[in-house]
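Enquirer: Below is one structure. I have some questions about it.
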Amino acid sequence: MTGSIWHPYTQMSEWKSFPNIVKGNGFWLVDSNGNRYLDGVASMWCNVWGHSKRELVSTINSQSKKIIHSSLFNLTNDQAETLAKKLVKISPGMNKVFYSDNGSTAMEIAFKIAIQYWQNIGQKNKTMFATLQNGYHGDTFGTMSVGFVPSFFAKFRKNMYKTIQIPFENSYRVSNIDEYYSQTLNKIEKQLSKNHTIAAFIMESGAQIAGGVNIYKDRFQSAISKICKKYNVLFILDEIATGFGRLGSLVEYKTQKSTPDIVAFGKMLTAGYLPMAATLVSKEIYDSFLGEYGQMKHLYHGHTFTGNTMACAVASKNLDMYQKTKLISKVNQSAIHLQKRLEEFWQIDAVGDIRHKGMLAAIELVSDRTKKTPISFAKSTNKIIFDEAKKHKIYLRTLGNIVMIIPPLAIPQKDLDFLIDGTIQTVKNVSKQL
Ligand SMILES: Cc1ncc(COP(=O)(O)O)c(C=O)c1O
(Lines give C-alpha, C1' and ligand atoms only; values in the text may rest on other atoms or scores of the structure.)
Protein backbone atom coordinates (compact mmCIF):
# COMPACT_ATOMS: atom_id res chain seq x y z
CA MET A 1 0.00 0.00 0.00
CA THR A 2 1.17 3.50 -0.73
CA GLY A 3 1.04 6.07 2.05
CA SER A 4 -0.96 9.29 2.31
CA ILE A 5 1.00 11.10 -0.39
CA TRP A 6 -0.39 11.85 -3.86
CA HIS A 7 2.74 11.69 -6.00
CA PRO A 8 3.39 14.09 -8.91
CA TYR A 9 2.65 13.05 -12.51
CA THR A 10 1.85 9.54 -11.25
CA GLN A 11 -0.94 7.04 -11.90
CA MET A 12 -1.13 6.04 -8.26
CA SER A 13 -2.94 2.76 -8.98
CA GLU A 14 0.19 1.44 -10.73
CA TRP A 15 2.29 1.65 -7.59
CA LYS A 16 2.12 -0.67 -4.58
CA SER A 17 4.82 1.30 -2.79
CA PHE A 18 7.65 3.71 -3.44
CA PRO A 19 11.25 3.30 -2.34
CA ASN A 20 11.52 5.33 0.84
CA ILE A 21 14.68 7.42 0.56
CA VAL A 22 16.28 7.89 3.95
CA LYS A 23 19.60 9.42 3.03
CA GLY A 24 21.85 10.65 0.28
CA ASN A 25 25.43 9.50 -0.01
CA GLY A 26 27.39 11.36 -2.68
CA PHE A 27 25.70 10.61 -5.99
CA TRP A 28 23.64 7.81 -4.48
CA LEU A 29 20.23 7.69 -2.85
CA VAL A 30 19.73 5.11 -0.10
CA ASP A 31 16.32 3.68 0.80
CA SER A 32 14.98 2.35 4.10
CA ASN A 33 15.90 -1.22 3.10
CA GLY A 34 19.49 -0.19 2.49
CA ASN A 35 19.16 -0.33 -1.33
CA ARG A 36 21.33 2.19 -3.16
CA TYR A 37 20.34 3.95 -6.39
CA LEU A 38 22.61 6.15 -8.45
CA ASP A 39 20.71 9.40 -8.96
CA GLY A 40 20.30 9.49 -12.75
CA VAL A 41 17.64 12.18 -12.51
CA ALA A 42 19.69 14.66 -10.43
CA SER A 43 16.65 14.57 -8.11
CA MET A 44 14.47 16.21 -10.78
CA TRP A 45 17.27 17.89 -12.71
CA CYS A 46 18.51 20.07 -9.87
CA ASN A 47 21.28 18.28 -8.00
CA VAL A 48 24.77 19.53 -8.81
CA TRP A 49 27.35 18.09 -6.36
CA GLY A 50 25.67 14.91 -5.22
CA HIS A 51 23.87 14.64 -1.90
CA SER A 52 25.03 15.80 1.51
CA LYS A 53 27.96 17.79 0.11
CA ARG A 54 29.92 18.90 3.15
CA GLU A 55 30.42 22.57 2.19
CA LEU A 56 26.73 23.05 1.37
CA VAL A 57 25.51 21.23 4.45
CA SER A 58 27.76 23.33 6.67
CA THR A 59 26.54 26.54 4.95
CA ILE A 60 22.97 25.50 5.74
CA ASN A 61 23.90 24.57 9.30
CA SER A 62 25.69 27.78 10.07
CA GLN A 63 23.00 29.93 8.43
CA SER A 64 20.32 28.10 10.42
CA LYS A 65 22.02 29.22 13.63
CA LYS A 66 21.75 32.88 12.57
CA ILE A 67 18.32 33.10 10.96
CA ILE A 68 16.32 30.56 8.99
CA HIS A 69 13.79 32.80 7.31
CA SER A 70 13.25 36.51 7.20
CA SER A 71 11.13 38.17 4.53
CA LEU A 72 11.87 40.81 1.91
CA PHE A 73 8.68 42.71 2.78
CA ASN A 74 10.11 45.96 4.26
CA LEU A 75 13.36 44.16 5.16
CA THR A 76 16.42 42.79 3.46
CA ASN A 77 19.17 40.33 4.40
CA ASP A 78 22.83 39.89 3.49
CA GLN A 79 22.32 36.45 2.00
CA ALA A 80 19.69 37.64 -0.49
CA GLU A 81 21.67 40.80 -1.29
CA THR A 82 24.94 38.95 -1.88
CA LEU A 83 23.33 36.35 -4.09
CA ALA A 84 21.49 38.98 -6.13
CA LYS A 85 24.80 40.77 -6.80
CA LYS A 86 26.41 37.52 -7.91
CA LEU A 87 23.49 36.64 -10.18
CA VAL A 88 23.52 40.06 -11.84
CA LYS A 89 27.28 39.74 -12.31
CA ILE A 90 27.08 36.45 -14.18
CA SER A 91 24.05 37.49 -16.28
CA PRO A 92 24.92 40.08 -18.95
CA GLY A 93 22.23 42.70 -19.48
CA MET A 94 20.44 41.94 -16.21
CA ASN A 95 20.13 44.45 -13.39
CA LYS A 96 17.73 43.29 -10.63
CA VAL A 97 16.62 40.00 -9.14
CA PHE A 98 13.15 38.97 -7.97
CA TYR A 99 13.15 35.84 -5.81
CA SER A 100 10.55 33.09 -5.64
CA ASP A 101 10.49 29.46 -4.57
CA ASN A 102 10.10 27.38 -7.74
CA GLY A 103 10.48 27.54 -11.49
CA SER A 104 6.79 27.92 -12.27
CA THR A 105 6.44 30.99 -10.09
CA ALA A 106 9.67 32.47 -11.43
CA MET A 107 8.11 32.27 -14.89
CA GLU A 108 4.76 33.65 -13.70
CA ILE A 109 6.69 36.60 -12.31
CA ALA A 110 8.42 37.09 -15.66
CA PHE A 111 5.01 37.15 -17.40
CA LYS A 112 3.52 39.64 -14.93
CA ILE A 113 6.55 41.91 -15.16
CA ALA A 114 6.34 41.87 -18.96
CA ILE A 115 2.65 42.81 -19.03
CA GLN A 116 3.06 45.52 -16.44
CA TYR A 117 6.18 46.92 -18.11
CA TRP A 118 4.12 47.82 -21.16
CA GLN A 119 1.42 49.35 -18.98
CA ASN A 120 4.01 51.33 -17.06
CA ILE A 121 5.26 52.89 -20.28
CA GLY A 122 1.76 53.54 -21.56
CA GLN A 123 1.25 50.66 -24.00
CA LYS A 124 -1.74 48.96 -22.45
CA ASN A 125 -2.66 46.94 -25.54
CA LYS A 126 0.47 44.76 -25.35
CA THR A 127 -0.84 41.79 -23.38
CA MET A 128 -0.38 38.77 -25.66
CA PHE A 129 2.41 36.18 -25.35
CA ALA A 130 3.96 34.31 -28.25
CA THR A 131 5.95 31.14 -27.87
CA LEU A 132 7.09 27.91 -29.52
CA GLN A 133 4.91 24.83 -29.37
CA ASN A 134 6.11 22.14 -26.97
CA GLY A 135 7.87 24.54 -24.62
CA TYR A 136 7.35 23.93 -20.91
CA HIS A 137 7.45 26.51 -18.15
CA GLY A 138 5.70 24.87 -15.21
CA ASP A 139 2.36 23.55 -14.00
CA THR A 140 0.44 26.67 -12.91
CA PHE A 141 -2.30 28.09 -15.16
CA GLY A 142 -0.14 30.95 -16.40
CA THR A 143 2.79 28.73 -17.24
CA MET A 144 0.58 26.03 -18.78
CA SER A 145 -1.00 28.66 -21.03
CA VAL A 146 2.42 29.56 -22.41
CA GLY A 147 4.23 26.23 -22.19
CA PHE A 148 1.41 24.07 -23.44
CA VAL A 149 2.52 20.43 -23.65
CA PRO A 150 -0.66 18.80 -25.04
CA SER A 151 -0.09 15.40 -23.46
CA PHE A 152 0.18 17.03 -20.01
CA PHE A 153 -2.31 19.85 -20.15
CA ALA A 154 -5.05 19.27 -22.76
CA LYS A 155 -7.64 18.76 -20.01
CA PHE A 156 -7.12 22.28 -18.71
CA ARG A 157 -7.18 23.98 -22.10
CA LYS A 158 -10.51 25.76 -21.61
CA ASN A 159 -9.33 27.41 -18.41
CA MET A 160 -6.14 28.80 -19.90
CA TYR A 161 -5.55 32.19 -21.44
CA LYS A 162 -4.91 32.63 -25.13
CA THR A 163 -1.33 32.59 -26.40
CA ILE A 164 0.22 32.44 -29.86
CA GLN A 165 1.86 29.05 -30.30
CA ILE A 166 4.27 28.93 -33.23
CA PRO A 167 4.43 25.33 -34.56
CA PHE A 168 7.73 23.75 -33.55
CA GLU A 169 8.28 20.03 -34.00
CA ASN A 170 11.11 18.03 -32.52
CA SER A 171 14.02 17.90 -35.02
CA TYR A 172 13.83 14.09 -34.87
CA ARG A 173 10.47 14.22 -36.64
CA VAL A 174 11.41 16.83 -39.22
CA SER A 175 12.76 15.81 -42.62
CA ASN A 176 14.75 18.91 -43.63
CA ILE A 177 15.98 20.54 -40.45
CA ASP A 178 17.60 23.65 -41.99
CA GLU A 179 14.51 24.40 -44.01
CA TYR A 180 12.25 23.76 -41.03
CA TYR A 181 14.19 26.14 -38.80
CA SER A 182 14.15 28.88 -41.37
CA GLN A 183 10.39 28.41 -41.89
CA THR A 184 9.89 28.62 -38.13
CA LEU A 185 11.83 31.89 -37.97
CA ASN A 186 9.72 33.24 -40.84
CA LYS A 187 6.54 32.31 -38.99
CA ILE A 188 7.76 34.07 -35.85
CA GLU A 189 8.70 37.16 -37.82
CA LYS A 190 5.33 37.20 -39.57
CA GLN A 191 3.47 37.03 -36.25
CA LEU A 192 5.56 39.65 -34.52
CA SER A 193 5.43 42.06 -37.45
CA LYS A 194 1.68 42.00 -37.84
CA ASN A 195 0.45 41.61 -34.26
CA HIS A 196 1.14 44.73 -32.20
CA THR A 197 -0.46 43.30 -29.07
CA ILE A 198 2.42 40.90 -28.42
CA ALA A 199 4.05 41.79 -25.11
CA ALA A 200 6.74 39.12 -25.11
CA PHE A 201 8.15 36.08 -26.85
CA ILE A 202 8.90 33.34 -24.34
CA MET A 203 11.07 30.26 -24.80
CA GLU A 204 13.28 27.80 -22.97
CA SER A 205 16.94 28.72 -23.40
CA GLY A 206 19.10 26.27 -25.36
CA ALA A 207 16.62 23.42 -25.55
CA GLN A 208 13.06 22.43 -24.83
CA ILE A 209 13.26 19.66 -22.28
CA ALA A 210 9.97 18.52 -20.74
CA GLY A 211 8.17 18.92 -24.09
CA GLY A 212 10.30 16.14 -25.62
CA VAL A 213 14.00 17.16 -25.46
CA ASN A 214 14.50 19.30 -28.54
CA ILE A 215 17.96 20.84 -28.65
CA TYR A 216 18.03 23.98 -30.79
CA LYS A 217 20.24 24.39 -33.78
CA ASP A 218 22.97 27.03 -33.49
CA ARG A 219 21.87 30.61 -34.05
CA PHE A 220 18.13 29.81 -33.75
CA GLN A 221 17.72 31.45 -30.35
CA SER A 222 19.83 34.46 -31.32
CA ALA A 223 17.77 34.89 -34.49
CA ILE A 224 14.58 34.96 -32.39
CA SER A 225 16.09 37.51 -30.02
CA LYS A 226 16.87 39.73 -33.02
CA ILE A 227 13.32 39.44 -34.35
CA CYS A 228 12.02 40.47 -30.91
CA LYS A 229 14.25 43.56 -30.89
CA LYS A 230 13.21 44.48 -34.42
CA TYR A 231 9.49 44.43 -33.55
CA ASN A 232 9.74 45.84 -30.02
CA VAL A 233 8.66 42.63 -28.30
CA LEU A 234 10.21 41.59 -24.98
CA PHE A 235 12.32 38.45 -25.07
CA ILE A 236 11.87 36.19 -22.03
CA LEU A 237 14.12 33.19 -21.49
CA ASP A 238 13.48 30.25 -19.23
CA GLU A 239 16.79 28.86 -17.92
CA ILE A 240 15.19 26.93 -15.06
CA ALA A 241 16.35 23.58 -16.42
CA THR A 242 19.12 24.61 -18.81
CA GLY A 243 20.98 27.30 -16.87
CA PHE A 244 23.69 26.62 -14.30
CA GLY A 245 25.56 24.05 -16.34
CA ARG A 246 23.11 21.46 -17.64
CA LEU A 247 23.99 22.26 -21.27
CA GLY A 248 27.66 22.98 -20.53
CA SER A 249 27.33 26.70 -19.83
CA LEU A 250 26.72 28.61 -16.62
CA VAL A 251 24.39 31.01 -18.41
CA GLU A 252 23.07 29.40 -21.56
CA TYR A 253 21.91 32.62 -23.22
CA LYS A 254 25.56 33.76 -23.40
CA THR A 255 26.39 30.66 -25.43
CA GLN A 256 23.30 31.27 -27.54
CA LYS A 257 24.31 34.91 -28.08
CA SER A 258 20.86 36.14 -27.21
CA THR A 259 20.48 38.59 -24.34
CA PRO A 260 16.93 38.53 -22.94
CA ASP A 261 14.96 41.30 -21.26
CA ILE A 262 13.92 38.87 -18.52
CA VAL A 263 15.40 35.50 -17.55
CA ALA A 264 14.53 32.93 -14.90
CA PHE A 265 16.84 30.53 -13.06
CA GLY A 266 15.85 27.74 -10.66
CA LYS A 267 16.58 24.05 -10.04
CA MET A 268 20.42 24.04 -9.84
CA LEU A 269 20.54 27.58 -8.44
CA THR A 270 20.72 26.13 -4.92
CA ALA A 271 22.56 22.99 -6.11
CA GLY A 272 19.18 21.31 -5.59
CA TYR A 273 19.44 21.70 -1.80
CA LEU A 274 16.61 24.14 -1.05
CA PRO A 275 13.66 25.35 -3.13
CA MET A 276 14.33 28.70 -4.77
CA ALA A 277 14.16 30.40 -8.15
CA ALA A 278 15.03 33.85 -9.40
CA THR A 279 13.69 36.14 -12.12
CA LEU A 280 16.20 38.67 -13.42
CA VAL A 281 15.31 41.79 -15.40
CA SER A 282 17.14 44.46 -17.37
CA LYS A 283 17.56 48.01 -16.06
CA GLU A 284 15.10 49.32 -18.61
CA ILE A 285 12.39 46.99 -17.36
CA TYR A 286 13.12 47.68 -13.71
CA ASP A 287 13.23 51.45 -14.15
CA SER A 288 9.76 51.45 -15.68
CA PHE A 289 8.38 50.29 -12.31
CA LEU A 290 9.72 53.37 -10.50
CA GLY A 291 7.56 56.42 -9.84
CA GLU A 292 5.40 58.13 -7.23
CA TYR A 293 3.49 55.68 -5.03
CA GLY A 294 0.14 56.96 -6.33
CA GLN A 295 1.10 56.05 -9.91
CA MET A 296 0.83 52.40 -8.82
CA LYS A 297 3.72 51.36 -11.01
CA HIS A 298 5.19 48.96 -8.48
CA LEU A 299 4.93 45.20 -8.87
CA TYR A 300 2.09 43.52 -7.01
CA HIS A 301 3.80 40.24 -6.44
CA GLY A 302 5.52 38.53 -3.51
CA HIS A 303 5.72 35.15 -1.82
CA THR A 304 6.06 34.21 1.83
CA PHE A 305 9.48 32.73 1.18
CA THR A 306 10.74 35.34 -1.29
CA GLY A 307 14.45 35.79 -0.50
CA ASN A 308 14.60 33.02 2.10
CA THR A 309 17.93 33.41 3.92
CA MET A 310 18.84 29.71 3.98
CA ALA A 311 18.15 29.21 0.27
CA CYS A 312 20.07 32.36 -0.64
CA ALA A 313 23.03 31.35 1.53
CA VAL A 314 23.28 27.91 -0.05
CA ALA A 315 22.84 29.31 -3.59
CA SER A 316 25.59 31.81 -2.97
CA LYS A 317 27.94 29.08 -1.73
CA ASN A 318 26.94 26.94 -4.70
CA LEU A 319 27.93 29.68 -7.16
CA ASP A 320 31.28 30.16 -5.39
CA MET A 321 31.91 26.43 -5.72
CA TYR A 322 31.16 26.50 -9.46
CA GLN A 323 33.87 29.10 -9.81
CA LYS A 324 36.38 27.64 -7.37
CA THR A 325 36.24 24.13 -8.84
CA LYS A 326 35.88 25.28 -12.49
CA LEU A 327 32.81 23.08 -12.63
CA ILE A 328 31.68 24.19 -16.07
CA SER A 329 34.89 23.02 -17.75
CA LYS A 330 34.58 19.70 -15.89
CA VAL A 331 30.99 19.39 -17.11
CA ASN A 332 32.23 19.82 -20.66
CA GLN A 333 34.80 17.07 -20.18
CA SER A 334 32.17 14.73 -18.75
CA ALA A 335 29.90 15.65 -21.65
CA ILE A 336 32.49 14.40 -24.16
CA HIS A 337 32.66 11.08 -22.34
CA LEU A 338 28.87 10.86 -22.14
CA GLN A 339 28.53 11.56 -25.85
CA LYS A 340 31.01 8.79 -26.77
CA ARG A 341 29.29 6.26 -24.59
CA LEU A 342 25.83 7.15 -25.88
CA GLU A 343 26.84 5.55 -29.20
CA GLU A 344 26.49 2.18 -27.47
CA PHE A 345 22.73 2.60 -27.32
CA TRP A 346 22.47 2.19 -31.10
CA GLN A 347 22.97 -1.58 -30.72
CA ILE A 348 19.41 -1.71 -29.29
CA ASP A 349 16.71 -1.86 -31.99
CA ALA A 350 14.21 0.12 -29.93
CA VAL A 351 16.47 3.17 -29.95
CA GLY A 352 15.14 5.62 -32.53
CA ASP A 353 17.11 8.73 -31.65
CA ILE A 354 19.77 9.96 -29.24
CA ARG A 355 19.90 13.64 -28.38
CA HIS A 356 22.63 15.11 -26.26
CA LYS A 357 24.12 18.35 -25.04
CA GLY A 358 26.24 18.91 -21.93
CA MET A 359 25.00 16.65 -19.14
CA LEU A 360 21.62 16.08 -20.72
CA ALA A 361 20.95 12.97 -22.76
CA ALA A 362 17.70 11.68 -24.20
CA ILE A 363 17.25 8.27 -25.74
CA GLU A 364 14.00 8.07 -27.65
CA LEU A 365 12.50 4.59 -27.82
CA VAL A 366 10.41 3.55 -30.81
CA SER A 367 8.73 0.34 -31.92
CA ASP A 368 9.70 1.05 -35.55
CA ARG A 369 12.81 3.03 -36.48
CA THR A 370 11.52 3.98 -39.92
CA LYS A 371 8.07 5.08 -38.83
CA LYS A 372 9.43 6.54 -35.57
CA THR A 373 6.42 5.17 -33.67
CA PRO A 374 6.91 5.78 -29.93
CA ILE A 375 7.04 2.57 -27.89
CA SER A 376 4.09 1.98 -25.64
CA PHE A 377 3.12 -0.60 -23.05
CA ALA A 378 -0.07 -1.32 -21.11
CA LYS A 379 1.55 0.29 -18.06
CA SER A 380 3.32 3.64 -18.17
CA THR A 381 6.73 3.44 -19.83
CA ASN A 382 8.10 5.39 -16.89
CA LYS A 383 7.01 2.70 -14.41
CA ILE A 384 8.42 -0.11 -16.53
CA ILE A 385 11.76 1.61 -17.01
CA PHE A 386 11.91 2.68 -13.35
CA ASP A 387 11.30 -0.87 -12.10
CA GLU A 388 13.91 -2.32 -14.43
CA ALA A 389 16.44 0.43 -13.64
CA LYS A 390 16.05 -0.27 -9.92
CA LYS A 391 17.37 -3.78 -10.54
CA HIS A 392 20.53 -2.17 -11.91
CA LYS A 393 20.80 0.15 -8.89
CA ILE A 394 20.00 3.31 -10.81
CA TYR A 395 17.18 5.85 -10.50
CA LEU A 396 15.62 6.84 -13.84
CA ARG A 397 12.51 8.84 -14.67
CA THR A 398 11.46 8.87 -18.32
CA LEU A 399 9.51 11.45 -20.26
CA GLY A 400 7.00 9.15 -21.93
CA ASN A 401 9.02 7.06 -24.39
CA ILE A 402 12.17 9.14 -23.84
CA VAL A 403 14.74 7.79 -21.41
CA MET A 404 16.65 10.66 -19.84
CA ILE A 405 20.17 10.63 -18.44
CA ILE A 406 20.38 13.78 -16.32
CA PRO A 407 22.93 13.14 -13.58
CA PRO A 408 24.20 15.60 -10.97
CA LEU A 409 26.71 17.78 -12.84
CA ALA A 410 29.75 16.90 -10.76
CA ILE A 411 29.32 13.15 -11.15
CA PRO A 412 32.68 11.37 -11.39
CA GLN A 413 33.39 9.25 -14.46
CA LYS A 414 33.16 5.98 -12.52
CA ASP A 415 29.61 6.75 -11.39
CA LEU A 416 28.66 8.13 -14.79
CA ASP A 417 29.80 4.86 -16.37
CA PHE A 418 27.78 2.90 -13.83
CA LEU A 419 24.73 4.98 -14.75
CA ILE A 420 25.26 4.53 -18.49
CA ASP A 421 25.89 0.76 -18.14
CA GLY A 422 22.73 0.41 -16.05
CA THR A 423 20.68 2.46 -18.50
CA ILE A 424 21.88 0.39 -21.47
CA GLN A 425 20.99 -2.81 -19.63
CA THR A 426 17.61 -1.35 -18.61
CA VAL A 427 16.68 -0.32 -22.16
CA LYS A 428 17.87 -3.69 -23.53
CA ASN A 429 15.79 -5.69 -21.05
CA VAL A 430 12.70 -3.53 -21.42
CA SER A 431 12.82 -3.59 -25.21
CA LYS A 432 12.74 -7.41 -25.07
CA GLN A 433 9.20 -7.04 -23.68
CA LEU A 434 8.05 -5.24 -26.82
C1 LIG B 1 12.17 24.80 -18.41
C2 LIG B 1 11.39 24.70 -17.15
N3 LIG B 1 10.74 25.77 -16.70
C4 LIG B 1 10.02 25.75 -15.56
C5 LIG B 1 9.94 24.60 -14.82
C6 LIG B 1 9.09 24.57 -13.58
O7 LIG B 1 9.90 24.51 -12.47
P8 LIG B 1 9.29 23.97 -11.08
O9 LIG B 1 9.05 22.52 -11.26
O10 LIG B 1 10.38 24.27 -10.09
O11 LIG B 1 8.05 24.74 -10.83
C12 LIG B 1 10.62 23.45 -15.24
C13 LIG B 1 10.55 22.19 -14.47
O14 LIG B 1 10.93 21.14 -14.88
C15 LIG B 1 11.35 23.49 -16.45
O16 LIG B 1 11.98 22.41 -16.92
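The values are calculated or read from the model by the stated rules, or taken from the named source; none is laboratory data. Because the structure is predicted, anything quoted here is derived from the model rather than measured. In this analysis, Cβ positions are derived from the backbone assuming ideal geometry, glycine residues included, and neighbour counts consider all displayed protein chains. Please note that ligands, DNA and RNA were not included when accessible areas were found on the heavy atoms of the full protein model with its side chains. Shrake-Rupley method; radii C 1.70, N 1.55, O 1.52, S 1.80 Å.
Enquirer: Rounded to the nearest angstrom and ordered from largest down, what semi-axes does the equivalent ellipsoid of region 153-232 get from its C-alpha gyration tensor (root of 5λ)?
Expert: On the way: eigenvalues 82, 75, 27 Å².
Taking √(5λ) for each Cα gyration eigenvalue gives 20, 19, 12 Å.
Enquirer: Still on this structure, please answer the following. Per the Cauchy relation, a quarter of the hull surface: what is the mean projected area of the convex hull of the alpha carbons in region 112-158, in nm²?
Expert: 3.7 nm²
Enquirer: Please compute the Cα-Cα pair-distance distribution of region 232-337 with 10 Å bins starting at 0, giving whole percents from short to long.
Expert: P(r) for region 232-337, in whole percents per bin: 13, 36, 33, 14, 3, 1.
Enquirer: Let me ask something else. Once you list every other residue whose beta carbon is under 12 Å from the beta carbon of N318, what net charge do they have if Lys and Arg are +1 and Asp and Glu are -1?
Expert: Within the 12 Å Cβ shell, the charges total +3.
Enquirer: Another question, if that's okay. When the dipole is taken about the Cα centre of the chain, and only Lys, Arg (+1) and Asp, Glu (-1) are charged at their Cβ, what size is it in debye, to the nearest 20?
Expert: The calculated dipole for the chain is roughly 140 debye.
Enquirer: Right, here's the next one. Please compute the volume of the convex hull spanned by the alpha-carbon atoms of the chain and report it per residue in Å³.
Expert: 153 Å³
Enquirer: Please report, in debye to the nearest 20, how large the charge dipole of region 151-288 is about its Cα centre when each Lys and Arg carries +1 at its beta carbon and each Asp and Glu carries -1 there. Intermediate values should be presented prior to the final figure.
Expert: Working: 18 positive and 12 negative charges, 76 e Å.
So the dipole magnitude of region 151-288 works out to roughly 360 debye.
Enquirer: Looking at the chain as a GNM with Cα springs under 10 Å, which of Q119, Q133, Q221 has the largest mean-square fluctuation?
Expert: Sorting by GNM fluctuation, first place goes to Q119.
Enquirer: What value does region 46-134 have for Rg/Rh, both radii from Cα atoms and Rh as Kirkwood defines it? Please list the in-between numbers first.
Expert: Numbers: Rg = 17.6 Å, Rh = 16.6 Å.
Radius of gyration relative to Kirkwood radius: 1.06.
Enquirer: Largest first, how would T259, T2 line up by accessible area (1.4 Å probe)?
Expert: Most to least solvent-accessible, the answer reads T259, T2.
Enquirer: Suppose accessible area is computed on protein heavy atoms with a 1.4 Å probe; arrange Y117, Y9, Y293 from highest to lowest.
Expert: Y293, Y9, Y117
Enquirer: Can you give the direction-averaged projected area of the convex hull of the alpha-carbon atoms in region 82-161, in nm²?
Expert: The orientation-averaged projected area of the Cα hull of region 82-161 comes to 6.7 nm².
Enquirer: Rounded to whole Å and sorted largest first, list the principal axis extents of the Cα atoms in region 289-411.
Expert: 65, 37, 28
Enquirer: Next up: What is the ratio of the Cα radius of gyration of region 164-298 to 2.2 N^0.38 Å, where N is its residue count, to two decimals?
Expert: Here the Cα radius of gyration is 1.16 times the empirical estimate.
Enquirer: Using a Gaussian network model of the chain with C-alpha springs under 10 Å, which one of N382, N33, N214 is most mobile by mean-square fluctuation?
Expert: Among N382, N33, N214, the largest GNM mean-square fluctuation belongs to N33.
Enquirer: In 10 Å bins starting at zero, report the fraction of Cα pairs in region 1-153 per bin as a rounded %.
Expert: 8, 21, 32, 26, 11, 2, 0
Enquirer: Top to bottom by accessible area (1.4 Å), largest first, where do R355, R397, R54 land?
Expert: Working: R355 20, R397 70, R54 170 Å².
Descending order: R54, R397, R355.
Enquirer: If you don't mind, there's one more thing I want to ask. For every helix of n ≥ 4 consecutive DSSP H residues, a contribution of -39,500 (n - 2.57) applies; sum these over the chain, divide by its total residues, and give [θ] at 222 nm rounded to the nearest 500 deg cm²/dmol.
Expert: -11000 deg cm²/dmol
Enquirer: Considering only the other residues whose Cβ falls under 9 Å of the Cβ of I240, what net charge follows from Lys and Arg at +1 and Asp and Glu at -1?
Expert: Values: positive: K267; negative: E204, D238, E239.
Counting the neighbours of I240, the net charge comes to -2.
Enquirer: I've got another one for you. State the volume of the convex hull built on the alpha-carbon positions of region 215-272, expressed per residue in Å³ and rounded to an integer. Please list the in-between numbers first.
Expert: Details: hull volume 3.9 nm³, N = 58.
Given the Cα convex hull of region 215-272, per-residue volume reads 68 Å³.
Enquirer: Connecting C-alpha atoms closer than 10 Å in a GNM of the chain, tell me which of A315, A350, A106 has the biggest fluctuation.
Expert: Highest fluctuation among the options: A350.
Enquirer: Grab the other residues whose beta carbon is less than 14 angstrom from that of N186, score K and R as +1, D and E as -1, and report the net. Intermediate values should be presented prior to the final figure.
Expert: On the way: positive: K187, K190, K194, K226, K230; negative: D178, E179, E189.
Result for the neighbourhood of N186: +2.
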